[in-house]
Amino acid sequence: MPYLLPDWVAELTDPRRAETMEELADRLVPLAEQAIDVSKRLREQLALLNAPFQTEALRGLVEVLHCRAAQAFTEVEAEIEDTVGERLARVLEHAAGRPLLREGLAAELLPVLVRRRLLLGERVGARTAAAAQSASGTLLDRAGELSGAAAGMVQQALPAVQEGLALAGRISRLAGRVRRAGRGPVPEALALEAGELAGLCEETLARLELEWSVIGARARAVRAALRGVEESAFSEVAQAIAECVAELAPEHVRALDEAESRALELLGER
């Protein structure tokens, strides 16, 4: 339902209802201010729409992706280290109460297990780096497509900003003429001119307010899409890491089993 203001609001603010030159000038000034305000807000919305695609912002997206990939790799590396540490602890537990034997086992097994951990970490790290590089390319490609769409929106809306500012200029000039014309009743010709400009102002401001609302909605949609692109890129990296770990896990477990078997053989020999 429409939201209607009390009748007296138009009586006090509408230039078409002004009876004196002073009233006309006083009512024209707020119209110019409204035109400037909506133009300024629309220009700010366009800046927000374009901001995510500035060079620094895109570089930041790529840096965040690589940081998240590095963090994911660090977590996997810690898990690998935990599996090695747990297996070493289990082997050494067989030599509980025999300090010299424990030291001997540790001296023989630890280098083997460390090499295994480093080798697995290197292979996962290489896969992570390659996935992050590929995902960065995908991210930038999709961001480029969004940037093109956003640029098109900006170009379409810029004339509206200029239209609002030009309208504000016309109203301000008319207000200046009215003030310079002196006091007294509003001449018919001036009242007609002010009325036409007030009607144009209502129509233009309504259209600019709608444009501001539409651009705001599109800016939010673009930012949401960009967040989706960022998450999709990281998911690509996470999937690559998970697949790499799954591929290498059997080999890693076999190596740990072999190390443990060797340790048990040494225990039997001693």
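Note that the chain, at 10 °C in a medium of 1.306 mPa s, gets a Stokes-Einstein diffusion coefficient of 63 µm²/s from its Kirkwood radius over C-alpha pairs. As a length-normalised measure over Cα pairs under 8 Å and 6 or more apart, the relative contact order of the chain settles at 43 percent. Loop-located trypsin sites (Lys or Arg not before Pro) in the range 176-226 (DSSP state not H, G, I, E or B) with no more than 12 neighbouring Cβ atoms inside 10 Å: Arg183.
Given Cα pairs under 8 Å that are at least 6 residues apart, what percent is the relative contact order of the range 1-116?
Computed value for the range 1-116: 10 percent relative contact order.
Convex hull volume of the Cα atoms of the range 1-43, normalised per residue: 79 Å³. The charge dipole of the range 1-112, taken about its Cα centre with unit charges on the Cβ atoms of Lys, Arg (+1), Asp and Glu (-1) only, comes to about 460 debye. Rounded to the nearest 20, the Cβ-based charge dipole of the range 152-270 about its Cα centre (Lys and Arg +1, Asp and Glu -1) stands at 1520 debye. Rounded to the nearest 20, the size of the Cβ-charge dipole of the chain about its Cα centre is 580 debye, with Lys and Arg at +1 and Asp and Glu at -1. Between Ala221 and Ala206, the contour length at 0.36 nm per residue exceeds the Cα-Cα span by 3.1 nm.
Over the chain, accessible surface divided per residue gives 58 Å², non-protein components excluded, 1.4 Å probe. Counting protein heavy atoms only, the chain has 57 percent of its accessible area on carbon and sulfur, 1.4 angstrom probe. Size of the range 7-82: Rg and Dmax of its alpha carbons, in Å, are 27.9, 87.
Using 0.36 nm times the number of residues separating Glu251 and Arg102, minus their current alpha carbon distance, what extension gain do you get?
Extra length from Glu251 to Arg102 when fully extended: 51.0 nm.
Axis of helix 21-50 versus longest Cα principal axis of the chain: the two differ by about 20°, to the nearest ten degrees.
The values are calculated or read from the model by the stated rules, or taken from the named source; none is laboratory data. Bear in mind the structure is a predicted one, so any value in this text is a computation, not a measurement. As a convention, Cβ positions derive from the backbone with ideal geometry for all residues, glycine included, and neighbour counts pool all protein chains shown. Only protein heavy atoms, including side chains, enter the accessible area calculation; ligands, DNA and RNA are left aside. Shrake-Rupley method; radii C 1.70, N 1.55, O 1.52, S 1.80 Å.
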